[in-house]
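The values are calculated or read from the model by the stated rules, or taken from the named source; none is laboratory data. Every value quoted in this text rests on a predicted model; they were computed, and no experiment measured them. Ideal geometry is used to build each Cβ from the backbone, glycine not excepted, and the neighbour counts take in all protein chains shown.
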Amino acid sequence: MTTKNTEQTPDGMRGFFVRLGRLDRRWIFLAMGLSIAVPILLKLRFPEVPGPMARATFDSIESLPDGSRVLLSFDFDPASKAELQPMANALVHHCASKGHKIVFMALWPLGKQMADQAIKEVLLEYHGDKYEYGTDYVQLGFKAGNEGVIKVLTTNVAEAYPTDASGAAASGLPLIADVRDLGSFDLVSTVSAGYPGAKEWVQYGRESMKPEARLTSGSTGVQASQLFPYYPAQLNGLLVAVKGAAEYETLVTEKYPVDRNSERLEQGRIRMGPQLVAHLLMIALIVLGNIAMIASRGTQGGAR
Amino acid sequence: MLRRTIPMLILASAGLLLIVAKFSPFTVSWQETVLGWFNILAAVAFVLGAGNLLAVNLEQISSRRPGWAYAAITLFAFAVTLVVGMFKVGAVPNGMHPDIHLAGAHDVPQAPFGWIYDYMLVPLTSTMFAMLAFYVASAAFRAFRAKNIEAILLLGTAFIILLSQTAAGMFLTGWIPEDSVFSFLRLDVMKRGITEHVQTAGMRAITIGIALGVAATSLRLIFGIDKSYLSKT
């Protein structure tokens, strides 16, 4: 890891910044690695102040009568798991704490596995004593067809899902046996990493829901800008990236604390430590890069 | 005739029928039928995709082009996953039908397909996503330069968003009362202003533009004005 310095560089502080501009990128990779690893190892935690979007999501679920029927769509895969699974876990814990009847589904092929994890690590871990498969929760799994699946759900759930994920007939599962369409749900919530996801739920599903029903979404930071136009009119709540998950977790666990393995419901807040240090590093890199650019004006060479 | 007229007729009739299905309660079930067609076409597309994957990678291996070893690994992984998934190798027997192998669960952690998911797919995709942090950091150092007014605005916005997305935002400006005249200096308030007004306004314009473009293109296709998707022969 050597810094090449074949060009003539000025002396003093200016020369230092000019050489800094030619810094080997592996030093930057090392700095980023440390800025993520050290906070994880030190378990750095910071207090979260919930913002209006997290509060709106919390209120949307909290204001439903206990035992409402909700549809949770897991529209992401392992690539986005680090960003989205924390909010998915908090969402499941919140719904279960309210005693809502939960129907899980996925528009992404690997979304079913993401939902399975939330069921195992949150629903059955903290609420297993009161949640029975078929009557209190159902896993419908993945269905191919992207927004076409949502369109069919607006008219006929049984057509899209004649069976659950294990192949059992939907008509034999009390929770969904009488479900006709999306109008049968009091809340639809999607945890979404892109297409198909939250945008498609708004465009194709929203109008078929009951007027008083809620539609909320959790999304990656990259996708969030596409969803801001829909909040708060079409999307009643919106959780954006790890920050949104951390804020929502704070609200949920303050109201519904758990007595064991609480770290499973603190993953968003745990990830905020590395995010803080990484963001500060990014700002420092941008500032240093610009100083190096100014210092290197009039000299040959520059950042490689 | 066969190459041009029939595809145009299929497209026009399918497009018009779905538009009608949207507005007429008598034809609403057509959407469900079309989803069935879509699933059949998607299944055929999977086969075509697999065939294309084989053709491209086998050609790369046979011609020993640079990176042919990656092609071999791709084909090996594809074949193993396909066989294990399609034939449900090592599936956990179904409690109701323990004698029927194909009724068993293959996507559970105890089965080989579950192992591929847990120990190959999850770590690989997570690693690919995590590597973005390193490349973004490198790019921020080398390319994010305040060379003109637009770039300076972009930089300022980036600083506000980067800080307000962490506890640093509240630490630096959280002491400013929310109801004071200086509340606009709070980073969380600035972020809200950027996302709710600037970003949302821009995104709405883009969304409406895209929607109009999609509608116009769809009508051109349905009415046979745009024939660029057809074979020229």
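Summary table below
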| item | result |
| --- | --- |
| Which listed residue, of A:Leu44, A:Leu34, A:Leu64, is of a type in the set (A, V, I, L, M, F, W, C) and in contact with an Asp or Glu (Cβ under 7 Å, 6 or more places away or on another chain) | A:Leu64 |
| Spans of helices (runs of 4 or more DSSP H) in segment B:1-87 with at least 1 residues modelled with pLDDT under 90 and within 25 Å of A:Gly148 (Cα to Cα) | B:5-23, B:30-62 |
| The listed residue being at positive phi and surrounded by 13 or more Cβ atoms within 10 Å (Cβ to Cβ), out of B:Gly224, B:Gly156 | B:Gly224 |
| Residue check, A:Ala292 at negative phi and in contact with a strand residue (DSSP E or B) (Cβ under 8 Å, 6 or more places away or on another chain) | no |
| Test: residue in segment A:233-251 that is surrounded by fewer than 21 Cβ atoms within 10 Å (Cβ to Cβ) and closer than 30 Å to B:Ile210 by Cα | yes |
| Candidates A:Leu173, A:Leu187, A:Leu265, filtered to the one that is within 17 Å of the chain's Cα centre (by Cα) and either away from chain B (no Cβ under 11 Å) or among the basic types (Lys, Arg) (or both) | A:Leu265 |
| One residue from A:Ile102, A:Ile119 being at pLDDT 95 or above and assigned to a helix (DSSP H, G or I) | A:Ile119 |
| Residue pairs meeting the criteria (Cβ under 7 Å; at least 6 apart or on separate chains; first under 12 Å from A:Leu285 (Cβ atoms), in segment B:140-153; second modelled with pLDDT under 90) | B:Arg142/A:Ala303 |
| Residue identified as closer than 30 Å to A:Pro257 by Cα, within 10 Å of chain B (Cβ to nearest Cβ) and without any contact (Cβ under 8 Å) to a residue 60 or more places away in the chain among A:Lys143, A:Lys112, A:Lys130 | A:Lys112 |
| Scope segment B:111-154; condition within 7 Å of chain A (Cβ to nearest Cβ), assigned to a helix (DSSP H, G or I) and within 28 Å of the chain's Cα centre (by Cα); matching residues | B:Tyr117, B:Leu121, B:Val122, B:Thr125, B:Ser126, B:Met128, B:Phe129, B:Ala133, B:Phe134, B:Ala137, B:Ser138, B:Ala140 |
| Residues being surrounded by 21 or more Cβ atoms within 10 Å (Cβ to Cβ) and more than 11 Å from chain B (Cβ to nearest Cβ) - total across segment A:40-59 | 3 |
| Those helices (runs of 4 or more DSSP H) lying entirely in segment A:136-236 with at least 1 residues assigned by TED's automatic domain parsing to the domain that holds A:Ala79 and closer than 28 Å to B:Ala105 by Cα | A:147-153, A:157-160, A:174-177 |
| Residues (buried (at least 24 other Cβ atoms within 10 Å of the Cβ) and closer than 16 Å to A:Cys95 by Cα) located in segment A:253-270 | A:Leu265 |
| Members of segment B:170-186 that are more than 9 Å from chain A (Cβ to nearest Cβ) and in a helix (DSSP H, G or I) | B:Leu172, B:Thr173, B:Ser183, B:Phe184, B:Leu185 |
| Some residue of segment A:166-179 being surrounded by 21 or more Cβ atoms within 10 Å (Cβ to Cβ) and at pLDDT below 90 | no |
